[in-house]
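Input: a single structure, listed below in structure tokens.
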Amino acid sequence: MALLETHGLTAFYGDFQALFGVDIALDEGETVAVIGANGAGKSTLLRSISGLIRNVPGQIRFDGREIGALAAPDVLQLGIAMVPEGRRLFPSLSVEENLLIGRYGRVGNGAWSLDGIYDLFPVLKERRHQPGTALSGGQQQMVAIGRGLMSNPRVLLCDEVSLGLAPVVVRDIYAAFPKIRATGASIVIIEQDIGQALKVADRVYCMMEGRVTLSGTPATLSREDIHAAYFGAHAR
Amino acid sequence: MPILALDQVSKSFGALKVADGISFALEKGEALGVIGPNGAGKSTLFNLITGNIRVDAGTIRFAGEDVTRQPPMARCLAGVGRTFQIPQPFEKLTVFENLLVGGAFGSRKTEKEVGDRCADILVETGLYPKANQPAGSLGLLQRKRLELARALATDPKILLLDEIAGGLTEGECQELVETIRAIHRRGVSIIWVEHVLHALNSVVSRLVVLHFGRVIGDGDPQTIMASRDVREIYLGIDV
Amino acid sequence: MSWLDTILQGILLGGLYALFAAGLALVFGIMRLVNLAHGDLIVLAAFLILLLVSALGLNPFIAAAVALPVMFALGWALQFLVLNRTLGNDILPPLLVTFGLSVVIQNGLLEGFSADSRRISAGALETASLQIGPISIGTMPLLTFLSAVGVIVTLNLVFYRTSLGRAFRATSDDSATAGLMGIRAERIFATATGLAMMVVTIAALYLGTRANFDPTMGPARLIYAFEAVIIGGLGSFWGTLAGGIIIGVAQTVGAAINPEWQILAGHIAFLLVLLVRPRGLFPRAVD
Amino acid sequence: MSDHLSASSWTVSTRTRGSAVSMLAILALVALAFAAPLFVSRSVVQDLFFILTMLVLAQCWNLLAGYAGLVSVGQQAFVGFGAYAMFAGVSLLGMDPMAAILLGGLAALALSVPTAFFVFRLQGAYFAIGTWVIAEIVRLSLAQWKALGGGTGTSLPSGATRDMAGVRFVADLLGVRGPQATDIVCYWLALFLAVVTIGSIYKLLRSKQGLGLAAVRDNREAARSVGVDPTWTKSFVYLVAALATGLAGALIYVQKARISPDAAFSVPDWTAYVIFIVVIGGIGTIEGPIVGVIVFYILQNLLADYGSWYLLILGLIGILIMLFAPRGLWGLFADRTGLQLFPVRRILAGQPKPKDIRGSD
Amino acid sequence: QGAPIKLGYVSPQTGPLAAFAEADKFIIDGFMAATKAAGLNYEVVVKDSQSNPNRAAEVAKELIVSDEVNLVLVASTPETTNPVATTCEAEEVPCISTAAPWQPWFIGQQANPGDPASWKPFNSAFHFFWGLEDVIAVYTNMWGQLETNKKVGGLFPNDGDGNAWGDKAVGFPPVLEKLGYSLNDPGRYQNLTDDFSAQINAFKSDGSDVITGVMIPPDFTTFWNQAQQQGFKPKVASIGKAILFPQAVEALGKNGHNLSCEVWWSASHPFKSSLTGQSAGELAEGFTKATGRPWTQPIGFVHALFEVAVDVMKRADPTDSEAVIAAIAASNIETIVGKVAWDGANLPPFAGRNVAKTPLVGGQWRLKDGGGYDLVIVDNQTAPNIPTGGKMEAIG
Ligand SMILES: Nc1ncnc2c1ncn2[C@@H]1O[C@H](COP(=O)(O)OP(=O)(O)OP(=O)(O)O)[C@@H](O)[C@H]1O
Ligand SMILES: Nc1ncnc2c1ncn2[C@@H]1O[C@H](COP(=O)(O)OP(=O)(O)OP(=O)(O)O)[C@@H](O)[C@H]1O
Ligand SMILES: [Mg+2]
Ligand SMILES: [Mg+2]
């Protein structure tokens, strides 16, 4: 049985339905990428898992437990941490405090601590006392990832980690992923940069309009299929 | 004389430079597309043009007049119409009333004078069946159409469209393209920020590429789409 | 000479106002909650202390210490059960609910304690003073001021040096994202209000020993507290102290010119500061 | 520009099913209210006066908070200032109270201009506290006005209200004593003020300005982008509310005949109860304050003899309504029935040419 | 004679002034019992002003218009008496008021309080109590018992009482000047002030031996504490209002000893109720027995209000307001607070018709051995028939 899986997941914003029966699965230690056009529902999927949106019970299972109806703090305590879209650093907190707040709800047993994060992203150590928002976009993204890791999660959900970042910075950030995987964590990433997604993921889901339209391992997916799914040209 | 001209426009949010010496001009009746990665500063550029955000430096001229220090309502009255990327409807008003606000205030007329035109715009944008519902009850796609309709109601000389095609099906997308073309044919200048490139390219005759608040490309769509920068930075296709 | 004394008395008075304001600043800063019942909660705490003093014969300072946890629990429950439901973008619901609460507390106290004006006796301390050169400083006003500084320092430490304080700030910035960090916003808010009620208890101790109080005198003091918070800048505790001192000094200087001007001068100082700095003296960088 | 579009003809109306009927009913009610002094007892006339003046205050506060998002806790500034100006007019200038009421309204309007300049620099909660402080400043300043009794207060010259324009006429016409005739004239003034206030607010809401106001309330940034000037729009309603509040304040104190700073600038009487009325009835509707004032009146009559219990219960009711029925009693009622006595929604009707109809989904 | 005589009664039963009305229920119960025993048929409609002038005017209207009372009675502080009396005057309904010095009552209801030439008497509103001239006489008599430098510091707030006491024409200043006292009056402060250092500095630099004023209790406590902290120790402090009630003095701890005040009424006043025949002492004792609380000065006056009402109604047709008004004006009755008669005695001509004066003496609060305070009458030069219980003593 997969570590984390959704079955026919639906999600709503008021009357607006954003997800229509999404099935995905994530195994222990695996990295999965979710790609798709703007508004496809990728973020909604992660928000559902992390408890930011409450779902119909029974549609999300983690480690054999039903979590669809849990609130975000409870989900975190079970070991699912999220790096939200747009980084969402706390402006009133310094870099180090932003990292420390990641430990507020769960410490977990694992390798990650302040020093570990500073080893992973050395540039953060130099700027630890600055307000988080004074950093460049890439550095902010590093803080956001570090903050997620501080709770030593079993699953790390990353929404659009390369959003709006220069390619070099994206490379630095992705260089960290193997080290994160090495600690045994499973990862879900959402990525606009298809090339990056294919490089880092064990498996890929492509979403469109609230549904999974394509899935498979990077090797089995052709670039054309993905492009088609991505831009919706021949999707139906 | 260009209808809109930006000269060395700059804006930072704290340490983050979102517009870094942007200069370009738009001729009357031209349709311009703006592309660039997320966070490149496209929506911010719109906010600077409309006055919702004040520039740090540089000048913006509209129809020959310096509007850099003018508030948004003045620019709207002068003829700048816009949509918001995240739709901003007047939620408690009906769809029709949303347009009436735009019509009555945006073109300095009475409600009576603009009523018919607003109703026609509702038909044109396909919102007519929802006319008397509160805008808060609309789904996202309809909200985006409402953005377009409300901007049209202000009778703009230039229309700024921010990602209004995202999430449409092929057929809907085609319809939208037709609508925008029709607007363009009426002599309205257009700037369109869009990630759905095939839709964008079937309307615009020129593309500007933004990256980190800088213009890194400006020219006709074929050349731009073929350029190395765009393929690498924007499409994420290895060159 | 007498000007020096006037200003000194104003500063001491400012300490009292800052003490009234500190709890308000905490709640206002974290939750954007305009608590119109704050003044009445101070009076409520004063009655609690009075009750402990008269029923158990405790020293007022010990009685206040006993009241601290009680008020914390009260604040916690109030926030968790009632006020949390009013939070959101609209400022009206919290305003109205706390206003209703103010009416309820006032009249509940009237029923329970009658309209008599009461006093918590601090014995000889009440009239004791320190002589520094030609100026005498009352021991109680000095204690009040030092307590205000102590409360501000403590709140600053909690706010900026502890993990609870980080959670306060994070929740205040973005409660949804804070939830992703395992922070339960409702409990954080409840804890904040509980803490604010502890500060309220300290304020009540000095309010009750300084002069008579009765169930209806909360609102009159509330406005100074609000002014101090707003002048200081949202969420800045030192700003709140500065705000209290500005109002206190404006009052005593106004009174020295003519007692008719005393209270008016405080309000006018508030207006002037806000005219020059609409977001207060020490506004938070992001809002 | 729309020559390629169909030249379909459209109609726009704000009437709803039953709104014509309700308009008639309202007209009949006003006529009935006008005739009331002929057949009801004097105490009923006085109660109606109380209800009508509170209604004016509530409508004004509702205009600010419910339609413009301006939560003021300082409306007592305009009540008191209007009342004091009226007293100055009568006692110091020897004006007829009727004329002095107008003076009161204008004075409140004049006060609102500098006040607006200050409070519109503040947002949200700061705005609320700012208005309160301003009201305190006005109170403390008027408490220094020795000619009107300073902090002691003063009474109208005896006989002033009996000599008020129209009173003698009404006394002769209806064959009633002077004080009762004064009551009736004040009542008619209150009725007139309430009808004009509600009518003007209704008219405002149905006008272009009202549309702009709703737009600013719903989304300030978007409103700016379609040509609405939020500051002007909000200032306009602030001034209008000040005028009507000042008139109501002056009228109330003609009837009370005695003023003091604490009474005229009372936060409970002129702001707290008013807020309570609006909240109970339903904020953001014209019907809400009407329902609210009636409920408030009934509660006051039922409970006023219970002293502090009365206020305690009032406070609890306010809290419960805010928590569990934030749109008030009228909101609950309207949700069930869909009834609207004062519809402001512009309903589009008419048919486009068939070829223009496109699906929306 | 089936219909009862209807009396309306307004007082501040709730709110900050509620202490004035704490004996209302006791007195009215006693009144009903006494009238019933005497075969009289009375009904009392009681209204609460909630210490709020707006509310006071409203309930007065209700009494007149809805309850159609024959006579309105009102007691306790200008905040309640003035709106009620103004309303009655406008309605031409007879009204008897008490428990507020007559100047704030009379002058405070004039359209232009600053211009004595414009003052007019009232038609239907009547008042009995003492006036400023009495309190001034009592205070200066008390001060005269001690050796002082005749320098007086004044603490007058900007409210009905304060403005009257500090008034340049009818208040303390002219009389003190005549008697050779110098008054240092820094100005009208607002009630609920948190700091009195300005006044204390002024009095200190002047070296004032005597402090006087009319303050609300919290303000006097603030002032008195601050004065001691700053080393200002006058020999005499004669304060109106703030130390009227024993609870307020007890709130000062030991620092209330030898504070002095005017005494309107006490348990040792040598008067009897015309209604029940009780002596002042018996009335006070009855109150303490019924409520467990110590007697307070307003009790006598609230009781006297009802005595006067019964006396008036005996002499007039209750339903004829003109007759009732005439009967009030013609009153001459010995009550539990002394003689009440609207005969213009010891009053300026403008107030003669509407005001009747009752005797006033001076007293000091003395700390009892077992704790608590006694109010001891120390000066009776103004009303020698009221016995004293001791001599004036300096503070400290
Ligand atoms: N708070 C919200 N209220 C209403 N609709 C929302 C909300 N958030 C998202 N949506 C809508 O739900 C749909 C799915 O959105 P989601 O954010 O999950 O897409 P996404 O795939 O993450 O897109 P992007 O690449 O833009 O981040 C979209 O149509 C979006 O507009
Ligand atoms: N008001 C603001 N305060 C601070 N930062 C802002 C603000 N508005 C935008 N930004 C930041 O400026 C950058 C540019 O944002 P902008 O919305 O202009 O991007 P965009 O090009 O429109 O992106 P997208 O394609 O995702 O819409 C982003 O990093 C964004 O987070
Ligand atoms: Mg997303
Ligand atoms: Mg954008």
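Structure values in brief
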{"item": "Integer Hz, Karplus 6.51/-1.76/1.60 couplings in order for segment D:84-90, x for Gly and Pro", "result": "5, 5, 4, 4, 4, x, 6"}
{"item": "Sequence of C:198, E:313 when ordered by accessible area, the most exposed leading, probe 1.4 angstrom", "result": "C:198, E:313"}
{"item": "Choice from B:157, B:92, B:42 showing the highest fluctuation, given a GNM over chain B with Cα pairs closer than 10 Å", "result": "B:92"}
{"item": "Isotropic mean projected area of the C-alpha convex hull, chain B (nm²)", "result": "12.9"}
{"item": "Simple spin-label estimate for residue E:169 and residue D:20 in nanometres, 7 Å along Cα-Cβ", "result": "6.7"}
{"item": "Residue-averaged 222 nm ellipticity for chain B, from DSSP H runs of 4+ at -39500 (n - 2.57), nearest 500", "result": "-10500 deg cm²/dmol"}
{"item": "Kirkwood hydrodynamic radius (C-alpha pairs) into Stokes-Einstein, chain D, 37 °C and 0.692 mPa s, D in µm²/s", "result": "149"}
{"item": "Gyration tensor (alpha-carbon) shape descriptor, chain C, a/c threshold 1.5", "result": "oblate"}
{"item": "Rg/Rh (Cα only; Kirkwood hydrodynamic radius) as it applies to segment B:82-122", "result": "0.97"}
{"item": "Computed over segment A:43-107, Kirkwood Rh from alpha-carbon pairs, angstrom", "result": "12.7"}
{"item": "Cα centre as origin, Lys/Arg/Asp/Glu Cβ charges: segment D:118-251 dipole, Debye", "result": "220"}
{"item": "Residue-averaged 222 nm ellipticity for chain A, from DSSP H runs of 4+ at -39500 (n - 2.57), nearest 500", "result": "-9500 deg cm²/dmol"}
{"item": "Compactness of segment E:144-281 as Cα Rg over 2.2 N^0.38 Å, two decimals", "result": "1.13"}
{"item": "Max mean-square fluctuation residue, GNM over chain D, Cα-Cα springs under 10 Å, options D:61, D:270, D:145", "result": "D:145"}
{"item": "Per-residue ³J(HN,Hα) for segment E:27-40, Karplus 6.51 cos²θ - 1.76 cosθ + 1.60, θ = phi - 60°, Hz, x for Gly and Pro", "result": "5, 5, 4, x, 5, 4, 5, 5, 5, 4, 4, 8, x, 9"}
{"item": "At 1.002 mPa s and 20 °C, Stokes diffusion of segment C:91-247 via Kirkwood alpha-carbon radius, µm² per second", "result": "118"}
{"item": "Accessible area (Å², per residue) of the protein assembly as shown, counting only protein heavy atoms and a probe of 1.4 Å", "result": "35"}
{"item": "Debye intensity ratio in log₁₀ form over the Cα atoms of segment B:71-203, taken at each q of 0.15, 0.18, 0.19, 0.21 Å⁻¹", "result": "-0.65, -0.96, -1.08, -1.32"}
{"item": "Where E:47, E:235, E:391, E:6 fall by accessible area, highest first, once all protein chains stay in place (1.4 Å)", "result": "E:391, E:235, E:6, E:47"}
{"item": "Rounded Å value of the spacing that divides the Cα centres of segment D:282-312 and segment C:147-222", "result": "34"}
{"item": "Farthest toward positive dipole pole in the protein assembly as shown [+1 Lys/Arg, -1 Asp/Glu at C-beta], among D:157, E:189, C:113", "result": "E:189"}
{"item": "Rounded to 10°, Cα long-axis angle of helix E:132-144 versus longest principal axis of chain E", "result": "40"}
{"item": "Alpha carbon convex hull of the protein assembly as shown, volume per residue in cubic angstrom", "result": "191"}
{"item": "Residue C:149 paired with residue D:118, simple spin-label distance in nm, labels 7 Å along Cα-to-beta-carbon", "result": "3.2"}
{"item": "Cut-off 17 Å, label 7 Å out along Cα→Cβ of residue B:59, residues of segment B:1-29 by amide N", "result": "B:1-10, B:21-26"}
{"item": "Principal axis dimensions, largest first and in whole angstrom, of chain A by Cα", "result": "51, 37, 33"}
{"item": "Global size of segment B:86-151 as Cα Rg and Dmax, reported in angstrom", "result": "10.6, 30"}
{"item": "Rounded to whole Å, sorted largest first: equivalent-ellipsoid semi-axes of segment E:224-288, Cα gyration tensor", "result": "33, 12, 8"}
{"item": "Stokes-Einstein diffusion coefficient of segment E:316-396, Kirkwood radius over Cα pairs, 4 °C, 1.567 mPa s, in µm²/s", "result": "82"}
{"item": "Highest-MSF residue in chain B out of B:184, B:198, B:211 [GNM, Cα springs under 10 Å]", "result": "B:198"}
{"item": "Only Lys, Arg (+1) and Asp, Glu (-1) charged, at Cβ; the protein assembly as shown dipole about Cα centre in debye", "result": "2060"}
{"item": "Distance from segment A:147-199 to segment A:98-138 (C-alpha centre basis), Å", "result": "15"}
{"item": "Segment D:67-140-segment B:3-77 distance, computed between alpha-carbon centres (Å)", "result": "43"}
{"item": "Projected-area mean, segment D:231-361, by convex hull of Cα positions, square nanometres", "result": "13.7"}
{"item": "Residues listed by number, segment E:357-394, amide nitrogen under 16 Å from residue E:334 label point at 7 Å toward C-beta", "result": "E:359, E:384-387"}
{"item": "Once the Cα gyration tensor of chain E is diagonalised, semi-axes √(5λ) in Å", "result": "35, 23, 19"}
{"item": "With all protein chains modelled, accessible area of residue A:223 [1.4 Å, Å²]", "result": "100"}
{"item": "Residues along segment E:80-100 losing 30 Å² or more of accessible surface when the other protein chains are present rather than the chain by itself (probe 1.4 Å)", "result": "E:86, E:90, E:91, E:92"}
{"item": "Solvent-accessible surface ranking, highest first, for D:132, E:102 at 1.4 angstrom", "result": "D:132, E:102"}
{"item": "Within chain B: Cβ-based charge dipole about Cα centre, in debye rounded to nearest 20 (Lys, Arg +1; Asp, Glu -1)", "result": "540"}
{"item": "Cβ-Cβ FRET estimate between residue C:73 and residue E:43, R0 fixed at 30 Å, reported to 0.05", "result": "0.05"}
{"item": "Leading residue at positive end of dipole, the protein assembly as shown (Cβ point charges), from A:212, C:136, E:300", "result": "A:212"}
{"item": "Nearest-ten-degree value, helix D:308-324 long axis tilted from longest Cα axis of chain D", "result": "10"}
{"item": "Per residue Cα convex hull volume in Å³ - calculated over segment A:78-186", "result": "86"}
{"item": "Zone residues, segment C:2-45, relative to residue E:151, backbone N less than 20 Å from point 7 Å out along Cα-to-Cβ", "result": "C:2-6"}
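The values are calculated or read from the model by the stated rules, or taken from the named source; none is laboratory data. None of the values given here were measured: they were computed from a predicted structure. Ideal geometry is used to build each Cβ from the backbone, glycine not excepted, and the neighbour counts take in all protein chains shown. SASA here: full protein model, heavy atoms, side chains in, ligands and nucleic acids out. Shrake-Rupley method; radii C 1.70, N 1.55, O 1.52, S 1.80 Å.
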